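The values are calculated or read from the model by the stated rules, or taken from the named source; none is laboratory data. Bear in mind that the values here come from a model prediction, so they are computed numbers and not experimental data. When we count neighbours, we look across all protein chains shown, and the Cβ atoms used for this are built from the backbone with ideal geometry, even at glycine. Note: areas computed on protein heavy atoms with side chains; ligands, DNA, RNA excluded. Shrake-Rupley method; radii C 1.70, N 1.55, O 1.52, S 1.80 Å.
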Amino acid sequence: MDRTAGKDLALAPLQDWGEETEEGAVYSVSLRRQLSRRSSPREGPGGSQAPSPAADAFLHYRTSKVRTLRAARLECLVRELVSGDREQDPGFVPAFLATHRAFVSTARVLGLLLPPPPPPLPPGIEIKKTEGGLPVNKNLRAVVSVLGSWLRDHPQDFRAPPAHSDLGSVRTFLGWAAPAGPEAREAEKLLGDFLEEAERKQEEEQSEARTGPAGAAQTPRPDLPEGCWEEEEGLAQEGPELLDFSVDEVAEQLTLMDAELFSRVRPCECLGSVWSQRDRPGAAGTAPTVRATVTQFNMVIGCVLGSVLGAQGLAAPQRAQRLEKWICIAQRCRELRNFSSLRAILSALQSNPIYRLKRSWGAVSRERLSTFRKLSQIFSDENNHLSSREILSQEEATEGPQEEDTLPGSLSPNLPPGPVPYLGTFLTDLVMLDTALPDMLEGELINFEKRRKEWEILAHIQQLQKRCRNYRLSPHAPILAALRAQRQLSEEQSYHVSRVIEPPAASCPSSPRIRRRLSLTKRLSAKLSRERGSPPGGSPGDPSSPTSSLSPGSPPSSPRTREPPPGSPPASPGPQGPSTKLPLSPDLAGSRPLALPLRSSHISLPGQQGSEARVIHVSIDNDHGNLYRSILLTSQDKAPTVVQRALQKHNVAQPWARDYQLFQVLPGDRELLIPDNANVFYAMSPAAPGDFVLRRKDGAQHTTTISST
């Protein structure tokens with residue numbers, strides 16, 4: 001079976017052939033139909049063959065065997081970087097470089113990838129190079145090529161201040177293997193950038209030490225006692241307030257800030273296994289670029305809350321004007337294709353402290369209420385054709401006129417800018433993948449198929465980042481100053497002020513009705529169904545009404561439940577409704593890595609008849625704090641399997657699994673002891689949250705337990 005290279009010859013899958021196993025590696029094998037073109041010959045003058053005047057080319061298809069690495073030991077994965085067939089598996093190198101931090105350090109990869117330097121050569125003798133300055137040795141050229149892609153696409157992987165030892169190893173190798181190549185120049189430039197950034201940061205710290213931080217944003221005052229709001233009310237900010245500016249000005253500045261922050265996000269920080277490490281002791285610097293987008297998202301919500309609730313003396317029509325202006329700002333963000341601030345504004349308007357202001361909502365015009373309902377539908381998973389994912393895909397497909405000199409594969413300067421996505425959507429997908437798919441397969445093989453699926457999402461993020469660089473917006477200092485100066489309220493303060501503005505006695509017929517979102521387990525079931533190529537199905541016992549859920553990057557639950565309007569009719573199916581969630585912390589969900597729904601219905605696993613599952617959270621009772629890990633619990637899992645999987649997620653040696661006991665955390669400071677060899681799915685209490693804790697069997701801690709029988 002011959003192969004033909006060329007971009008114009010597309011490979012189309014024909015059928016899956018199966019798997020091939022080698023020492024330390026498993027390959028997926030498929031047969032693909034390969035297109036080749038041959039011109040139809042005819043006999044010319046003198047008996048020579050000449051192209052047919054009909055031209056005409058007819059098509060030949062040949063079937064070729066294609067292997068892609070599915071799982072392997074680390075050494076085999078690194079070897080595949082150098083010796084793998086990039087024509088057969090073009091996605092392997094970018095997928096590995098983008099996701100390797102989830103299972104191995106950069107230093108470890110370099111230790112396996114970089115060959116030792118050659119022995120000193122006699123004077124006057126040099127290593128043979130090609131005309132481009134690359135080594136003649138094929139393996140050395142492949143290593144140089146991989147390093148070039150790595151330095152260009154993931155430069156932050158080599159940041160290790162103050163010495164940047166990993167980058168030093170790369171520079172040493174390139175110094176003798178390809179000293180005149182672009183890779184060596186890229187490595188030197190990167191080191192200079194790191195050193196310059198360190199000097200600039202040191203100067204800023206010294207300046208702040210002398211003068212204090214400039215432009216520090218106002219933070220919530222959790223110690224503000226009730227009744228002291230009037231004193232705060234007298235502290236007027238200098239300069240115009242945020243809502244004194246036009247709708248276009250505010251929306252454009254929010255879009256400028258969101259686009260810049262999203263463009264700086266390191267996609268690898270979005271990986272579920274990386275982002276969930278942020279709550280570990282000493283991990284305050286984990287995923288800084290993702291934290292920055294979360295902080296910005298929470299700041300926008302704080303601005304909405306502060307401006308709407310900030311003045312107790314406002315009459316209902318005046319407060320309604322503020323609501324209407326924020327609705328208009330949200331609509332303008334939608335027109336600018338900024339889904340991040342759009343989601344933040346809607347989350348604030350749907351929050352309990354604002355939603356319950358019935359007199360203010362009653363004064364909002366019908367036109368603005370209709371706009372609010374339509375915008376809220378964007379983030380409602382009840383209606384697939386209006387879901388944020390589908391709308392985002394439609395926005396990405398929007399293209400402007402192409403210029404003749406635009407290179408194939410490059411972004412046209414006439415493409416519309418954006419969209420700026422809501423990052424929590426991608427965090428949700430990556431957490432679901434990390435939860436549902438194992439890191440390791442039988443034989444201690446790294447599950448690289450999982451990394452390929454993660455890479456598909458990370459590549460999507462990178463493509464959106466390129467589009468975000470097309471925005472042509474300029475910063476407006478007065479608006480940015482007003483954003484920083486806007487009063488921020490804590491969750492407790494917001495609820496208290498709302499109750500002062502409108503006591504909770506009256507009904508709430510004028511507040512907009514909004515649907516709740518589907519639970520994450522149903523979205524996980526649908527995603528698993530799509531991955532396995534089967535239609536999503538729910539458990540026969542699934543409740544028909546969806547439960548409220550919280551996506552990663554969304555706010556934590558409010559300490560108060562929404563006050564049901566006495567005497568008001570039940571909410572009719574309409575646009576998305578009030579949320580009781582306020583994201584006022586960059587850590588989003590407190591001690592948990594992500595706030596996944598726990599009181600949700602079971603999942604039916606596609607392709608496994610009679611098998612159900614649900615997402616649970618497991619922590620270890622140790623000195624690392626209340627750190628949870630999400631795992632997928634199936635109806636086939638017994639206690640030892642669950643304990644072993646949880647320890648693996650917590651990076652604890654699995655041979656110790658027999659020394660741990662599994663408990664389910666119940667309301668009222670109670671715990672349910674899961675017996676050894678019990679089926680956890682059926683032994684657990686289905687009415688309680690899916691929170692579990694592992695404790696050593698030889699521990700002396702006293703717990704209040706009840707028997708699972």
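Worth a mention:
- Pick from region 314-355, criterion touching a helix residue (DSSP H, G or I) at 6+ places or on another chain (Cβ under 6 Å) and assigned to a loop (DSSP other than H, G, I, E, B), ranking: surrounded by the most Cβ atoms within 10 Å (Cβ to Cβ): 336
- Top-ranked residue in region 682-702 [being open to solvent by less than 40 Å² (accessible area, probe 1.4 Å) and more than 18 Å from residue 629 (Cβ to Cβ); ranked as modelled with the lowest pLDDT]: 688
- The one condition from (1) at pLDDT 90 or above; (2) surrounded by fewer than 24 Cβ atoms within 10 Å (Cβ to Cβ) that residue 311 does not meet is (1).
- Scan region 626-656 for residues that are in a helix (DSSP H, G or I) and open to solvent by 20 Å² or more (accessible area, probe 1.4 Å) and the total you get is 9.
- If you filter region 439-473 down to residues that are polar (S, T, N, Q) and closer than 22 Å to residue 257 by Cα, you find that the one that is nearest to the chain's Cα centre (by Cα) is 462.
Results for (1) modelled with pLDDT of 85 or more; (2) under 30 Å from residue 272 (Cα atoms); (3) touching a helix residue (DSSP H, G or I) at 6+ places or on another chain (Cβ under 6 Å), shown as yes or no for each residue.
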| position | (1), (2), (3) |
| --- | --- |
| 96 | yes, yes, no |
| 101 | yes, yes, yes |
| 122 | no, no, no |
| 129 | no, no, no |
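- Condition met for residue 418 (open to solvent by less than 30 Å² (accessible area, probe 1.4 Å) and outside any helix (DSSP H, G or I)): yes
- Looking across region 141-159, the residues that are open to solvent by 30 Å² or more (accessible area, probe 1.4 Å) and free of Cβ contacts under 8 Å to residues at least 40 places away in the same chain come down to 141, 145, 152, 155, 159.
- Matching residues, region 1-39, being surrounded by fewer than 13 Cβ atoms within 10 Å (Cβ to Cβ), small (Gly, Ala, Ser), modelled with pLDDT under 65 and assigned to a strand (DSSP E or B): 12
- Flag for residue 285 being open to solvent by 20 Å² or more (accessible area, probe 1.4 Å), modelled with pLDDT under 90, on the phi < 0 side of the Ramachandran plot and assigned to a loop (DSSP other than H, G, I, E, B): yes
Condition check ((1) of a type outside the set (Val, Ile, Thr); (2) modelled with pLDDT under 95; (3) open to solvent by 60 Å² or more (accessible area, probe 1.4 Å)) across all residues:
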residue: 367; (1), (2), (3): yes, no, yes
residue: 370; (1), (2), (3): yes, no, no
residue: 380; (1), (2), (3): yes, yes, no
residue: 396; (1), (2), (3): yes, yes, no
residue: 403; (1), (2), (3): yes, yes, yes
residue: 413; (1), (2), (3): yes, yes, yes
residue: 431; (1), (2), (3): no, yes, no
residue: 444; (1), (2), (3): yes, yes, yes
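- Some residue of region 171-181 being in a helix (DSSP H, G or I), within 27 Å of the chain's Cα centre (by Cα) and surrounded by fewer than 22 Cβ atoms within 10 Å (Cβ to Cβ): no
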